[in-house]
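The values are calculated or read from the model by the stated rules, or taken from the named source; none is laboratory data. The shown structure was predicted, so the numbers you read here are calculated from the model rather than taken from an experiment. Ideal geometry is used to build each Cβ from the backbone, glycine not excepted, and the neighbour counts take in all protein chains shown. We work out accessible area using only protein heavy atoms, side chains counted, and drop any ligands, DNA or RNA first. Shrake-Rupley method; radii C 1.70, N 1.55, O 1.52, S 1.80 Å.
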Amino acid sequence: MGASAAEGEMNFDEPEHVRMLRDNVARFVQAEMPREAAREWDRGNIYPREVMKKLAGMGLMGLTVEERYGGAGIDIYATMAVIEELAKRSVAVACPYIMAVCYAGMNLGESGSEAQKQELLPRVAAGELLFAYGLSEPNVGGDLAMVETSARIEGEDLVINGAKRWCTGAHIADYIFCLLRTGPKEEKYKNLSIVLVPPTLPGITITPLGHVGIRGVETKDVTFDDVRVPLANVLGGPEMIGRGWQQLAGRALEVEKLELSACALGLSEAALDDAWRYAEERTQFGGPIAQHQSIRHELADARTRARAMRLMLYSAAWLADHGRPCSVETSMAKLFCCEGAAAITQTAMRVTGAYGLSDQMDMERYVRDAMSLPIVGGSSNMQKNNIANRLKLGA
């Protein structure tokens, strides 16, 4: 991880360009994402569109786009650093950033046709495109290969019918990245296609789904009633009809696990910083509570866990950046970081006591956001299965 080291040495320093980028994003957060604004975005489930425009103006949307398409070059490590810094203040900004840079940029770069890349990737790099994921369904969660939403070919169009669930940000997206069945479901991993569906097309109905955390980008149900989409909108072009599973199981899926790990780390660091400061300032029984061994041990354990989360996340990001096999490492990072965030934020809430329960502080939001992370984007149990299967346990 980090810059190259001489033979026999280990170097865990963050690359200089990432350190500078992180510092720039941290300054942006302080200037453009004040705490009270983050609270309002959460309370009102508000998408801060103007903040996203300013992020785009900094060139941060091009970190997963090759230079020949107007991007900065693919840098997964740097992308995770940006997500982490944004998540320290608000997932209402971190999640739309992921929708642009990862959902759109990574998937188009990995699996788009040359025509799609030329048309869409410059817009991603300019901050003009958001993708929402249309993968899960009312009857389909972890077993995505059994999706029921179908598409049939009619002339130069696909006609889509069915329903998608948990489509975060579908109402603000330019395209829904839909996994559809385009053939008999008996052939489980075949006859699946990924289609880019504009959510404003006739026949699409979008309805909200309330949820306890990760607000600011509402989660939606999306139904399709004879929705017509050009065949040209198949990811990779019409020749990729029926080959969607292999596109879904590529590097972009590994990066999705890292995106959530970066959110988890950001939330954990924010909660720890607040709890640490509170422990030093809050006086009880004749001195700051930071002098109490029970508080000191809780915070020391949490800092240690957060340090391990950081190492797991960025070592896996380094592997992904260098094109090395990393399915085990990304699943381990997702498992460890997201479970860690749920534990660390609750520890921090205990340190802040009753004040941590108040919506006048950020702690209760950190806890709500963090408790979602072991569930979304592939649950912790799914990650454990991935790890055991990839390491051939019992084979």
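Structure above, values below:
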| quantity | calculated |
| --- | --- |
| Computed [θ] at 222 nm, deg cm²/dmol, the chain (DSSP H ≥ 4; -39,500 (n - 2.57); rounded to nearest 500) | -15000 deg cm²/dmol |
| Ranked by how many other beta carbons lie within 10 Å on average, peptides 178-191, 199-212 from highest | 178-191, 199-212 |
| Cα convex hull of the chain - mean projected area over all directions, nm² | 21.4 nm² |
| Cut-off 13 Å (backbone N to label point 7 Å along Cα→Cβ of D226), residues of the range 146-189 | 159-161 |
| Loop trypsin sites (Lys or Arg not before Pro), the range 335-395 (other Cβ atoms within 10 Å of the site Cβ: 12 or fewer; DSSP) | K392 |
| 20 Å reach of a label modelled at Q246, 7 Å along Cα-to-Cβ, counting backbone N of the range 174-216 | 178-196 |
| At least 30 Å along the helix axis (C-alpha) and Kyte average at least 0.5, DSSP helices within the chain | 327-352 |
| Heavy-atom accessible area ranking, 1.4 Å probe, most first, across R251, R68, R243 | R68, R243, R251 |
| Reachable aspartates and glutamates from K117, criterion Cα separation under 17 angstrom, eight or more residues apart if same chain | E66, E67, E128, D174, E239 |
| Of the chymotrypsin sites (Phe, Trp or Tyr not before Pro) in the range 221-308, those whose Cβ has at most 15 other Cβ within 10 Å and which sit in DSSP loop | F285 |
| S113 long-range amide H proximity, modeled H, under 5 Å | G236, G237 |
| Share of pairwise Cα separations in the range 263-349, more than 16 Å, in percent | 55 percent |
| Solvent-accessible surface (1.4 angstrom probe) belonging to H171, in square angstrom, nearest 10 | 80 Å² |
| Accessible area (Å², 1.4 Å probe, nearest 10) - C263 | 0 Å² |
| Per-pair calculated FRET efficiency, R0 = 25 Å: T283 and R35 via Cβ, rounded to 0.05 | 0.60 |
| Spin-label pair A354/A395, simplified geometry with 7 Å Cα→Cβ offset, distance in nm | 5.6 nm |
| Distance in nm between pseudo-label sites at M58 and R307 (7 Å out along the Cβ direction from Cα) | 2.8 nm |
| Additional length obtainable on full extension of the chain from A388 to E67, 0.36 nm per residue less Cα span | 111.8 nm |
| Quotient of C-alpha Rg and 2.2 N^0.38 Å, computed over the range 15-104 | 1.05 |
| D42 accessible area, assembled protein chains, probe 1.4 Å, Å² | 10 Å² |
